[in-house]
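Undergrad: What follows is a structure written as structure tokens; I'll ask about it next.
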Amino acid sequence: MDVNQYMDMFIDESKEHLQHMNDILLVLEKNPEDEKELNELFRIAHTIKGMSGTMGFNHVLNLTHQMENVMDLVRNHKLKVTGDVVDLLFDCLDQLEQYIIKIENDQSEGENVSNDLIQELQLLTKNKASTDDIGVAEEKKIDVGLIISQDITNSKSIEVDEFVAGMIKKAIDKEYNIYNLKIILNAKCMLKSARAYIIFSTLEKMAEIIHANPSIEDIEDEKFDDSFELIVITKKNKEDIMTEMNTISEIDDIIYTEMTDENIVFQQDDQENATDEIKITDGNENVLEKVKSDEDSPKRSKTGKTVRVDIDRLDNLMNLVSELIIIKTRLEDAHQMTQQKSISDTTEQLERITTSLHDAVMKVRMVPIERVFNRFPRMVRDLSKDLGKDIHLQMSGEDTEVDRTVIDEIGDPLIHLIRNAIDHGIEDRETRIRNHKDQEGTLNLIAYPDGNSVVIEVQDDGKGIDIEKVKIKALDKGLLSEAQSQLIEDKEVIQFLFHPGFSTADKVSDLSGRGVGLDVVKTKIETLGGIVEVESQPMKGTRFIIRLPLTLAIIQALLVHVGDEKYAIPLNNIREITTIQEENIRKVQGKEVVLFRQTTLPILRLADLLSVEGLHERESDEEFTVVIINHGDKTFGLVVDALIGQQEVVIKSLGRYLATIKGIAGATILGNGTVALIVDTNSFL
């Protein structure tokens, strides 16, 4: 078996362990005496060490080994968790993350051996513990995460077949050591066959496996519960074997028996009640100890509640569902032409199936936004220290589920918003005290579902946005005239912050001042079909509100006619549909508006926006069909020639060459096989 087939599993598990380590270090920084977290931190480092050693990544193994030494001193109260210790462990964590990224990209750790970090860790252990103490710690490490039940001793006997017994006798004659190992895996181990392979691989480096119960084939096929037994022949002693086995994670116990001529019992060929168990008796034959059979003990369920699925497989499944929906739409068209009841029934059944299948696939694709949020406590902690500010991050709604595609893309915009809040929004300690605020600033990160959308809020209790300062900057850049600056509303002024190259920072720093950030946020969010809103109050703080669609693959849309073309407008952007008279349209500063329900409604003609020839010239008394669109706190009317109806559509990408066309978000295939373009209403403002 090739160890490379477990590379993806190693990378995924390592990332999870490192994220957990990051969370624990943040807790320990505030509560250094939390022994539960200390033990968990040690266990994680030990697990990563074992995994990396088995996979042959020695740089990771060496670094985690030294981290273990330091954490062992902490656990034994010989070293206190100070700020310097936490900073050093965070540096080690960062280096481990770099190793995993390198392994993921190149299948190799690279040449960086982390000598500086290893020396700092070694210096810490030498300064805080005597040589004897370290020796004791090393002995104790052997038992961490792996309970070695020693002595089922030489006085025990084991029943094997004649062939294995012959090999054992020859090995004894040549002065080899023979051990029977009963290996008990952790009940929560999800990939037991993979873990067993790692055990085989480790043992084969120093021993020869001559017998397995159940068979090696059954073990590889995962046809066992939580334990299996191996007989090995080796020149190594049991301490060497146990030390190596200790590097493997998810093993609860190893029970070993040292085998001699006296404790080999032959199996009888005519056993009527033969069982698969190995029988162990003591040397005085006073006690017969029989391992319980499967019938005597309940079997553990092998089915886990979670499973890792390759995103490419999910995308393929989603594509198949998309094709089903297209076929359903075509059947609906066929029904309208033929009026055959059988087609109608088939369509209804197909609709039920595709809807259920779509919901099921979407649930598989949905993942908690916690995956994104988990990276921010560490980031806020580091930025707070760099800027000398006291900032408390509060997160809520981490279990809110969003599409996997959104998870992959939303991280960068949130990083920009959080950095912006810490650098621009929240004041330093002295300023907050002068303004009668708590010395510690608060940054809230909130997620919650809202209908067919997911809302993410980034809110700080800082100084808010300086509207006048933004106006002055907009005037300097020529984005605003003096006359406009007297009339413009505050919420429109705030929108200048999203203009490329716009920054209110007085000087360029490592965090901000280059005018890159909020424009990236807006562009990325709108690419995902979402919108960004901003609310700010002077001296009270700022709130950025991101609203994203639940799914980016299949949407409800309104089909409309514009000239001879059909277009789809996403339904979640539509507030209502109405009609207006041509004679009621007025022009203000060269733009069409209409008075609608006592408010001024901007009017945009979809035919003009998309350069499509309309059906005919309008008469002055003719009615227009207007689709009223909501975009955050803005509303406008979109003039179309005719309505077709609501339909579930599948979004297809236009490809790399057409992706930048303004006003078009993608395309969909209609029931008759023709293509309709999907309108990107966000791009019209």
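The values are calculated or read from the model by the stated rules, or taken from the named source; none is laboratory data. All values derive from a computational prediction rather than experimental measurement. Neighbour counts are summed over all protein chains in view; Cβ atoms, including those assigned to glycine, are modelled from backbone coordinates with ideal geometry.
Undergrad: Can you find a residue in the stretch 393-409 that is touching a residue at least 12 places away in the same chain (Cβ under 8 Å), exposed (fewer than 14 other Cβ atoms within 10 Å of the Cβ) and basic (Lys, Arg)?
TA: Within the stretch 393-409, none of the residues are touching a residue at least 12 places away in the same chain (Cβ under 8 Å), exposed (fewer than 14 other Cβ atoms within 10 Å of the Cβ) and basic (Lys, Arg).
Undergrad: Of all residues in the stretch 86-96, count the ones that are farther than 13 Å from Val113 by Cβ and surrounded by fewer than 22 Cβ atoms within 10 Å (Cβ to Cβ).
TA: 7
Undergrad: For the stretch 421-439, give me each residue that is in contact with a strand residue (DSSP E or B) (Cβ under 9 Å, 6 or more places away or on another chain), among the β-branched types (Val, Ile, Thr) and outside any loop (DSSP other than H, G, I, E, B).
TA: Ile422
Residues are listed down the side, and each one gets a yes or a no for (1) at pLDDT 75 or above; (2) outside the structural domain of Thr674 (by TED's automatic domain parsing); (3) of a type in the set (D, E, K, R):
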site	(1), (2), (3)
Arg300	no, yes, yes
Gly304	no, yes, no
Glu332	no, yes, yes
His335	no, yes, no
Leu350	yes, yes, no
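Undergrad: Regarding Asn435, is this residue under 23 Å from Lys469 (Cβ atoms), among the polar types (S, T, N, Q) and either surrounded by 22 or more Cβ atoms within 10 Å (Cβ to Cβ) or under 28 Å from the mean Cα position of the chain (by Cα) (or both)?
TA: Answer is no for this residue.
Undergrad: Could you tell me which residue of the stretch 220-233 is surrounded by the most Cβ atoms within 10 Å (Cβ to Cβ), considering only residues that are out of contact with any Asp or Glu (no Cβ under 7 Å at 6 or more places or on another chain) and either more than 13 Å from Lys182 (Cβ to Cβ) or touching a residue at least 60 places away in the same chain (Cβ under 8 Å) (or both)?
TA: Among them, the one singled out is Ile231.
Undergrad: While we're looking at this one, here's another question. Checking the condition at positive phi and modelled with pLDDT of 80 or more, which residue from Gly637, Gly645 passes?
TA: Only one candidate qualifies: Gly645.
Undergrad: Could you figure out which of (1) crowded, with 21+ Cβ neighbours inside 10 Å; (2) within 25 Å of Leu643 (Cβ to Cβ) isn't true of His561?
TA: Looking at each condition in turn, His561 falls short on (1).
Undergrad: Here are some residues: Asp382, Asp390. Which one is touching a Gly at 6+ places or on another chain (Cβ under 8 Å) and farther than 22 Å from Lys522 by Cβ?
TA: Result: Asp390 is the single residue among Asp382, Asp390 that is touching a Gly at 6+ places or on another chain (Cβ under 8 Å) and farther than 22 Å from Lys522 by Cβ.
Undergrad: For the stretch 447-460, does any single residue satisfy the condition of being surrounded by 14 or more Cβ atoms within 10 Å (Cβ to Cβ), among the acidic types (Asp, Glu) and in a loop (DSSP other than H, G, I, E, B)?
TA: No, that holds for no residue.
Undergrad: Still on this model: Would you check which residues across the stretch 188-199 are crowded, with 17+ Cβ neighbours inside 10 Å and either in contact with a strand residue (DSSP E or B) (Cβ under 8 Å, 6 or more places away or on another chain) or of a type in the set (Gly, Ala, Ser) (or both) and list them?
TA: Lys192, Ala194, Arg195, Ala196, Ile199
Undergrad: I'd like to know if the stretch 534-543 contains one or more residues that are in a helix (DSSP H, G or I), at negative phi and at pLDDT 80 or above.
TA: No: zero hits.
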